[in-house]
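Beneath this line is the structure, given in structure tokens, with notes to follow.
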There are 2 protein chains.
Amino acid sequence: MSAITGQDNDALRVNGGRLWDSLMQMARIGATKNGGVTRLALSDEDKQARDLFVQWVQEAGCSVRVDAMGNIFARRPGRDNALAPVATGSHGDSQPQGGRFDGIYGVLAGLEVIRSLNDAGVQTLRPVEVVNWTNEEGARFAPAMVASGVFSGVFALEYGLSRTDGSGLTIRQELERIGYAGADIASYPIHAFYELHIEQGPILEAENLTIGVVSGGQGQRWYEGDFSGQAAHAGTTPMNRRRDAARGLAAVIELAHDIAVAHGPLACATVGSLQVTPNSRNVVPGRAGYTLEFRHPDEDILAAMHAALKEGVTGIAARLNLGSSLKQIFSYPPVVFDSRCVGIVRAATAKLAYPFRDIVSGAGHDACYINRIAPTAMIFIPCVDGISHNEREDISEQWSTAGGNVLLQSLLHSASS
Amino acid sequence: MSAITGQDNDALRVNGGRLWDSLMQMARIGATKNGGVTRLALSDEDKQARDLFVQWVQEAGCSVRVDAMGNIFARRPGRDNALAPVATGSHGDSQPQGGRFDGIYGVLAGLEVIRSLNDAGVQTLRPVEVVNWTNEEGARFAPAMVASGVFSGVFALEYGLSRTDGSGLTIRQELERIGYAGADIASYPIHAFYELHIEQGPILEAENLTIGVVSGGQGQRWYEGDFSGQAAHAGTTPMNRRRDAARGLAAVIELAHDIAVAHGPLACATVGSLQVTPNSRNVVPGRAGYTLEFRHPDEDILAAMHAALKEGVTGIAARLNLGSSLKQIFSYPPVVFDSRCVGIVRAATAKLAYPFRDIVSGAGHDACYINRIAPTAMIFIPCVDGISHNEREDISEQWSTAGGNVLLQSLLHSASS
């Protein structure tokens, strides 16, 4: 085996059919009757999926290492193994009744890149790694992205291992049970990290594009608020004597929408959870609680949205004669990916002639944490109707192959110098 | 004992202190730690309250009859017992953690009228009856007012007896268990029926009035509706691609309010119960259900409100690109009380020099059903802050006494000819 030239590398493509077959084979593990998967982190199904991944990367000639958070690192050697590797990967866990592609697509596309490099007899300068991160979803153990967070130094190892599921089991216990508890957490220099993922939103498909070049991730601010009025008899309380907390709710739903539109097109605002009390058809609601979240890639805009929310809620409470509380319970700063890595993805996509656009990730991903310790970028492919975290989640084989090719070319570029 | 003259009867007053003492004694049965009562229909507490009522009316010389729905009829004989009696009464059951006056005040004020007639040695022409209606609240057995409804021919006896509570027990079973299952349902001619009740609303107190002369009851229309959009990721779905069912909810809350205000001051509209799906902070609501009810004393206005609602909801769904369903699930026509009985109450109140106004009942009452088979009117007294169905429900002894006096004079008037 000898290194082929840069010219030849540009012509390299993944085997899209093989990638698709691997995706379909993996989707049998934890398959649900409606075409999705339930493969919660560190469940028996997750163990089966991990075992299959390990078998496949070993068959592809990789060495395998598991760290203390159960992250699996598969390494294909380079010409100079003293150099920092280039890496790719995503997660193998799913939401309950989740989709067949969220996470695992990025893992198996990494595997496919290695298989394709093997087929072509390409020897890269730097080692190439494929990582399967533990518990990205946070569906079983909160918080989400806890294991890439530990790897990146966002969380302490002890914190990560002590996270519990709904029945009180810890990540440590479950890692030991399924045989994926490594000895230590081994963060190390990574030359470049690329995560390939489905968009989980409707933009690419709607614009008939195949690739999203992800420039960063939206910052998030999460709030919990409530309005308090006076619960009252629906028949005996005249309209002008009511202090109806549901009207506060109605106003804050529109306020949130207006704030996002005013900071469009990138701003998002969602009032996702509501609760009125006493929630009886014949009682004017005395209390109304809500959650609200803002997302935007620019921290200054988020701050402006925050100020508009505070002011708006105060105005609503005054106008409707309601008490009000509003608390920011969580914030996550915007992520800006490494401009060089983003440029490599963009150039690879353009050279492959896939229709693309730059895009900002609205969701959190392991790459958002890895970005703190290594030059990082992400690649999106569309998903049907923008649907994810749902058994109906779907992609086309053509999109799958295109994402694999962009990942292959980006990794090749970063691994060559 | 001989009949006293009309002139003397005008001077008759109830013993307000004794009425208050009876209220306080009764309030010990099912007392809650926050000053209310829990005396659900046909519970052990309801049985104790019934036993005490029966003891008191028997001590006052009344004969007692219980019908097949457990309604208790206490009769004080008149000079001509072949004449149809005049009757008063209300209910002894309460809401869970309800108040000390809702219902039972009208029952014990009737008892106090009889005690006062006894004290004054008044013999009326017609018999006077005090009725304790079963399960007015509907809190344990739906529907509300089921036993006065059976008495009035609104419901069949078998329907009434077969109503079940949350644990599957029927009214029949529970009447037998507590010893209040009479042999038959004995509807009979009633010359006039008066129900004295707390307002359960804020109007009288706010206007510094002591008595409400109730001219009728609001009609009601109950609806269940929902909006359906598309559940979507809160971070990856741009605002202009959302079909957010919560925005439909916000719009319908304001629509209902606007319709009621447009038909003010008597119209009421309440969106009391809300449910969004999936109700997660990070998911745009794909579905939002709500209940809505309208009340107004005029059927034509209710029809206009209904039409405005249908049109408004259609407009909301079109504007927000949502699916929508709206179903009227219940309607209750406006109640117009007997003008002669209402006039008797008004005249008695004026003669007693209590500040008063005519008022429409926003709530349903047993009198609304009795009105279908006998000339009927109601008398309201204020309650503090308009609060009812709540342990904080409260009245003053002064209001209590005033209501008792109006009831006494109204019954005396109707019983005298």
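Just from the alpha-carbon atoms, what are the Rg and Dmax of region B:181-283 in angstroms?
22.9, 70
From the alpha carbon gyration tensor of chain A, can you work out the equivalent ellipsoid semi-axes (sqrt of 5 times each eigenvalue) and give them in Å, largest to smallest?
One finds semi-axes of 44, 23, 19 Å for chain A.
At 1.4 Å probe size, with the rest of the protein present, what percent of the exposed accessible area of region B:17-174 is carbon and sulfur atoms? Before the final figure, lay out each step's value.
Values: 2400 of 5090 Å².
After summing per-atom areas, the C and S share lands at 47 percent.
Could you grab the relative contact order for chain B? Cα pairs under 8 Å, six or more apart, rounded to a whole percent.
Across chain B, relative contact order equals 24 percent.
Say we join alpha carbon atoms closer than 10 Å with springs in a Gaussian network model of chain A; which of A:Val54, A:Val313, A:Val213 then has the biggest fluctuation?
A:Val313
Any idea what the dipole of region B:33-161 comes to, in debye rounded to 20, about its Cα centre with Lys/Arg Cβ at +1 and Asp/Glu Cβ at -1? Don't skip to the answer; put the middle values down first.
Values: 12 positive and 15 negative charges, 43 e Å.
The calculated dipole for region B:33-161 is roughly 200 debye.
Hey, with R₀ at 60 Å, roughly what FRET efficiency would B:Ala304 and A:Arg372 work out to, going by the Cβ-Cβ distance, to 0.05?
E(calc), rounded to 0.05, equals 0.45.
Among A:Tyr194, A:Gly89, B:Gly149, whose Cα projects farthest towards the positive end of the dipole of the protein assembly as shown, with charges put on the beta-carbon of Lys, Arg (+1) and Asp, Glu (-1)?
Selected residue: A:Tyr194.
Considering the rotation that carries chain B onto chain A, locate the chain B residue whose Cβ comes closest to its axis and report the distance in whole Å.
Taking Cβ atoms only, the nearest residue and its distance are B:Ala250, 2.
Among B:His197, B:His257, B:His296, whose mean-square fluctuation peaks in a Gaussian network model of chain B (Cα, cutoff 10 Å)?
The residue that fluctuates most here is B:His257.
Show me, bin by bin at 10 Å from 0, the whole-percent P(r) of region A:93-178 based on Cα pairs.
16, 37, 29, 15, 3
Looking at region B:212-239, which residues lose a minimum of 30 Å² of accessible area between their chain alone and all protein chains in place, measuring with a 1.4 Å probe and not counting ligands or nucleic acids?
Going by heavy-atom accessible area, the residues of region B:212-239 that drop by at least 30 Å² are B:Trp222, B:Gln230, B:His233, B:Ala234, B:Gly235, B:Thr236, B:Pro238, B:Met239.
Please find the FRET efficiency linking B:Ala11 to B:Ser396, where r is the Cβ-Cβ separation and R0 is fixed at 25 Å, and quote it to the nearest 0.05. Please list the in-between numbers first.
Details: r = 23 Å, r/R0 = 0.94.
Approximately 0.60, to the nearest 0.05.
What is the mean projected area of the alpha carbon convex hull for the protein assembly as shown, to one decimal in square nanometres?
38.4
At 7 angstrom along the Cα-to-beta-carbon line, where would the label on B:Pro96 sit relative to the other copies? Give the distances in nm, shortest first.
Label-point separations across copies, in nm and ascending: 2.6.
In debye to the nearest 20, how big a dipole does region A:272-352 give about its Cα centre with +1 on each Lys and Arg Cβ and -1 on each Asp and Glu Cβ?
Approximately 280 debye in magnitude.
Grab the alpha carbons of region A:8-152, take their convex hull, and tell me the volume per residue in Å³. Kindly include the intermediate steps, with their values, before the conclusion.
On the way: hull volume 15.3 nm³, N = 145.
Taking only Cα atoms, region A:8-152 has a hull volume of 106 Å³ per residue.
Need one number: the % of Cα-Cα pairs in region B:359-399 sitting beyond the 11 Å mark.
Beyond 11 Å sits 72 percent of the P(r) for region B:359-399.
With a 1.4 Å probe on protein heavy atoms only, work out how much accessible surface A and B bury together, total over both chains, in Å² to the nearest 100.
Buried surface at the A/B interface: approximately 4400 Å².
Classify region A:180-237 as rounded, prolate or oblate from the Cα gyration tensor: take a ≥ b ≥ c as the square roots of its eigenvalues, call it rounded if a/c is under 1.5, otherwise prolate when a/b beats b/c and oblate if not.
It comes out oblate by the Cα gyration axes.
For B:Arg241, project a label point 7 Å along Cα to C-beta. Then give me every residue of region A:342-367 with its amide nitrogen under 13 Å of that point.
Residues A:357-363 qualify, since their backbone N sits under 13 Å from the label point.
Take the Cα coordinates of region A:231-357, assign each an equal point scatterer, and use the Debye formula without solvent to give log10 I(q)/I(0) at q = 0.14 Å⁻¹.
Taken in order of the listed q values, log10 I(q)/I(0) reads -0.72.
For region A:143-225, which GluC sites (Glu not before Pro) are both in a DSSP coil and crowded by at most 13 other Cβ atoms within 10 Å? Walk me through the numbers before you get to the answer.
Numbers: sites: A:Glu158, A:Glu174, A:Glu176, A:Glu195, A:Glu199, A:Glu205, A:Glu207, A:Glu224; in loops: A:Glu199, A:Glu207.
The qualifying sites are A:Glu207.
Taking the dipole about the Cα centre of the protein assembly as shown, with the C-beta of Lys and Arg at +1 and of Asp and Glu at -1, give me whichever of A:Val113, A:Ile379, B:Val131 is farthest to the positive side.
Going by the charge dipole, the pick is A:Ile379.
Using a 10 angstrom cutoff on alpha carbons, build the Gaussian network for chain A and name the most mobile of A:Asn135, A:Asn282, A:Asn81.
Evaluated over chain A, the most mobile residue of the options is A:Asn282.
Taking the alpha carbon gyration tensor of region B:262-316, what are the square roots of 5 times its eigenvalues, largest first, to the nearest whole Å?
29, 12, 8
Could you provide, to the nearest whole Å², the per residue accessible area of region A:264-366 with probe 1.4 Å?
42
Dipole size in debye (nearest 20) for region A:228-367 around its Cα centre, Lys and Arg Cβ +1, Asp and Glu Cβ -1? Before the final figure, lay out the partial values.
Details: 14 positive and 11 negative charges, 113 e Å.
Dipole magnitude for region A:228-367 comes out near 540 debye.
Quick one: accessible area per residue over region B:1-146, 1.4 Å probe, rounded to a whole number of Å²?
Per-residue value: 34 Å².
For B:Gly61, place a label point 7 Å from Cα along the Cα-to-Cβ direction in every copy; what are the distances to the other copies, in nm, shortest first?
In ascending order, 11.4 nm.
Relative to the compact-globule scaling 2.2 N^0.38 Å, provide the ratio for the alpha-carbon radius of gyration of region B:70-114.
1.40
Kirkwood Rh, region A:1-77, all Cα pairs: how many Å?
By the Kirkwood definition, the hydrodynamic radius is 14.9 Å.
Taking each residue in A:249-261, count the Cβ atoms of any other chain within 10 Å of its Cβ, then average. What number comes out?
So the per-residue partner count for this stretch is 4.
Between copies, how far does the label point of B:Ile301 sit from its twins, in nm, shortest first, when each point is 7 Å from Cα along Cα→Cβ?
Result, one decimal in nm: 4.9.
In whole Å, what three semi-axes, largest first, describe the equivalent ellipsoid of region B:112-236 built from its Cα gyration tensor (square root of 5 times each eigenvalue)?
39, 26, 14
Hydropathy at least 0.0 by Kyte-Doolittle, axial extent at least 18 angstrom from the Cα trace: which helices of chain A, defined as entire DSSP H runs, fit?
Going by DSSP H runs, the hits are A:104-120, A:245-262, A:299-320, A:339-352, A:397-415.
Under the rule of -39500 (n - 2.57) per DSSP H run of 4 or more residues, summed and divided by the residues of chain A, what mean residue ellipticity at 222 nm is obtained, to the nearest 500 deg cm²/dmol?
Taking each H run of at least 4 residues, the total per residue is -11000 deg cm²/dmol.
Report, in cubic angstrom per residue, the convex hull volume of the C-alpha atoms of region B:309-414. Provide the component values of the computation, followed by the final result.
Working: hull volume 18.2 nm³, N = 106.
Taking the convex hull of the Cα positions in region B:309-414, it is 171 Å³ per residue.
The values are calculated or read from the model by the stated rules, or taken from the named source; none is laboratory data. Bear in mind that the values here come from a model prediction, so they are computed numbers and not experimental data. Don't worry about glycine lacking a Cβ; one is built from the backbone with ideal geometry, like all the others, and counts go over all protein chains shown. Just the protein is used for accessible areas: all its heavy atoms, side chains included, with ligands, DNA and RNA removed. Shrake-Rupley method; radii C 1.70, N 1.55, O 1.52, S 1.80 Å.
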